[in-house]
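Asks: To start, I am sharing the structure in question, which I have written as structure tokens.
The values are calculated or read from the model by the stated rules, or taken from the named source; none is laboratory data. In this text, all values refer to a predicted model and were calculated from it rather than measured experimentally. When we count neighbours, we look across all protein chains shown, and the Cβ atoms used for this are built from the backbone with ideal geometry, even at glycine.
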Amino acid sequence: MKQVFEVLLIEDSKTINNILSKRLEELGLKVTQAFTLKEAEDKLNQKNYDFLILDLHLPDGEGIDLLGSIQTITETKIIVLTSTADDESLRQELFNRGILDYIIKDQNFLYSVEEVIKIFEHFLSRKKKDILIIDDSKFVVRQVKRILETRNYNVDGAYTGKDGLELLEKKEYELIILDIELPDLHGLEILKKIREKPYLIYLPIIVLSGSNTPGLVRKILKSGANDYIKKPFVAEEFILKVDFWIDYFEQQMQLKRKTVELQRLNEKLEQIVKVEVAKNVEQEKMLLAQSRLAAMGELIAIIAHQWRQPLNVISTIANNVKIWLELKEYDIEKIKENCEHILRQINYLDTTIEDFRNFFKPQKNIVKTDFGKIVQKAVEILEHLLYVKDIELDIEKKSIKELKTYENDLLQAVINIIKNAVDAIENKRVRKIKILIDGCKLEIADNGGGVPSKIIKKIFEPYFSTKGEKGTGLGLYLSKLIVEEKCKGKLELRNEKDGAVFTINLCKN
């Protein structure tokens, strides 16, 4: 069960008392209010409090009169909130007696209230920090313990350099307070030994010394100390520096932990990215394979159409020769002529197969080619399809430029785009495809009316098809992949007056 801290707030200003009480209760503290010295004494006689917020000047007496009995019989932590600003000796005495802080009420009392709240937030959110003081003076060690332990610090003392170094081997600390003059080892030597250990490089060290000559201070700071305080020290200054370096060390350690976490996260993310990239590569390979299979099915149908006529011719000739032989009405010259005709048809079939075999053959090497050759091969492969669909094909060559690219892959992209144009104009009365070759740029335009504006941005997405169940939605996606990823070019689509225009631009390679 979480402990609820009790606070006795002794302040004669009802405005400050009420505002501060409300803010402390918001932090989860249980607040008891007192407005006079008599009220405070009565409440302290009834119970002990974890914290006391005390105004030094009350209407019926001096608040300081409460401090002796409070600190001798309880462990109450005290914050002085007062308008007394000039009495430095009183201020020093109160810090030596272990108060948490001494806050001046000025005209902007809301700021003073927030200063008090900061102390509680700091105290409540922080677990006990471990501090090591290495000093041969038992008085100084006791003084430091008295000042710091009431502020939620745990202080271990060592009276020799050797004892201090042994404690550092056994326990982790957030701060070292080091006397420069020790009976066995000089403080500079201890600094050197501490900073030699990698795990102690960032540990803050405040050096105490009776001397503050510039040369000594410079040597101390250059040897690895973070700060320097001259003996005898002012308690408030000492507390401020301890708080500062403790908070600094905590921030540095948090930053270091966050850095390590980020490094681990980056490594994890890099691994995830590698895995996802590998998956994407495999997926692209699969999509390419699917596209090739779909294209293969369509092109096999084209092959079948292209073979049908030659096969019919061969079949007719063979039947004629068979009849002549059966009727014994044959002419040797005529048979030779028909055999030569058969051989020509077989050669045509063989050429067709070779063209398609080259199309489906994976290509790993870049070769020299040009758009004229690629378009010619594409038209030869699609010749029968264009004939059956009654497509009017217009090829214009402004200029031809040699390209170094993956010819077969680029051929597949061109075939995909031409077939897409064929599908787009299938229902048109006049079906036209215009191909323009201009150096390293190729345009394929149709008169199909164009791509609807609502889907034009999706046309290159995988599995997006306007053909319903008849389409795979991979043709144009793979074409863009081939042109842009493999061939390092650009594939774009725009609508013109008559229809869609696909542009392949390889001018940068």
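Asks: Considering each of Leu178, Leu221 in turn, give the residue that is out of contact with any His (no Cβ under 8 Å at 6 or more places or on another chain), without any contact (Cβ under 8 Å) to a residue 24 or more places away in the chain and not in a loop (DSSP other than H, G, I, E, B).
Replies: Selected residue: Leu221, the only one of Leu178, Leu221 that is out of contact with any His (no Cβ under 8 Å at 6 or more places or on another chain), without any contact (Cβ under 8 Å) to a residue 24 or more places away in the chain and not in a loop (DSSP other than H, G, I, E, B).
Asks: Could you run through the range 222-248 and say how many residues are surrounded by 14 or more Cβ atoms within 10 Å (Cβ to Cβ), farther than 25 Å from Glu121 by Cα and under 42 Å from the mean Cα position of the chain (by Cα)?
Replies: Total meeting the criteria: 6.
Asks: Here's another thing I want to ask about it. Does the range 105-121 include one or more residues that are of a type in the set (Asp, Glu) and either in contact with a strand residue (DSSP E or B) (Cβ under 7 Å, 6 or more places away or on another chain) or assigned to a strand (DSSP E or B) (or both)? Reasoning before the result, please.
Replies: Step one: list which residues in the range 105-121 are of a type in the set (Asp, Glu), which gives 106, 114-115, 121.
Okay, now just the ones that are also either in contact with a strand residue (DSSP E or B) (Cβ under 7 Å, 6 or more places away or on another chain) or assigned to a strand (DSSP E or B) (or both), so 115.
Yes, the range 105-121 has at least one match.
Residue-wise test of (1) more than 30 Å from Asn365 (Cβ to Cβ); (2) of a type in the set (Val, Ile, Thr); (3) assigned to a helix (DSSP H, G or I).
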{"site": "Lys377", "(1), (2), (3)": "no, no, yes"}
{"site": "Leu385", "(1), (2), (3)": "no, no, yes"}
{"site": "Leu393", "(1), (2), (3)": "yes, no, no"}
{"site": "Asp409", "(1), (2), (3)": "no, no, yes"}
{"site": "Asp438", "(1), (2), (3)": "no, no, no"}
{"site": "Gly448", "(1), (2), (3)": "yes, no, no"}
{"site": "Val451", "(1), (2), (3)": "yes, yes, no"}
{"site": "Pro462", "(1), (2), (3)": "no, no, no"}
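Asks: Go through the range 1-44 and count every residue that is in a strand (DSSP E or B), farther than 20 Å from Leu124 by Cα and in contact with a Ser or Thr (Cβ under 7 Å, 6 or more places away or on another chain). So that I can check it myself, show each step before the final result.
Replies: First pass over the range 1-44, keeping only residues in a strand (DSSP E or B): 6-10, 30-34.
Next, from what is left, pick out any that are farther than 20 Å from Leu124 by Cα: 10, 33-34.
Retained after the next criterion (residues that are in contact with a Ser or Thr (Cβ under 7 Å, 6 or more places away or on another chain)): 33.
Final tally of qualifying residues: 1.
Asks: Right, here's the next one. Being at pLDDT 80 or above, of a type in the set (Gly, Ala, Ser) and either closer than 28 Å to Asn154 by Cα or part of a helix (DSSP H, G or I) (or both), is that true of even one residue in the range 45-65?
Replies: Yes, there is a match, as at least one residue in the range 45-65 is at pLDDT 80 or above, of a type in the set (Gly, Ala, Ser) and either closer than 28 Å to Asn154 by Cα or part of a helix (DSSP H, G or I) (or both).
Asks: Do the conditions hold for Arg151, that is, is it modelled with pLDDT under 95, surrounded by 20 or more Cβ atoms within 10 Å (Cβ to Cβ) and either in a strand (DSSP E or B) or not β-branched (Val, Ile, Thr) (or both)? Break it down into steps so the answer makes sense when it comes.
Replies: On the way: modelled with pLDDT under 95: yes; surrounded by 20 or more Cβ atoms within 10 Å (Cβ to Cβ): yes; either in a strand (DSSP E or B) or not β-branched (Val, Ile, Thr) (or both): yes.
So Arg151 fits the description; yes.
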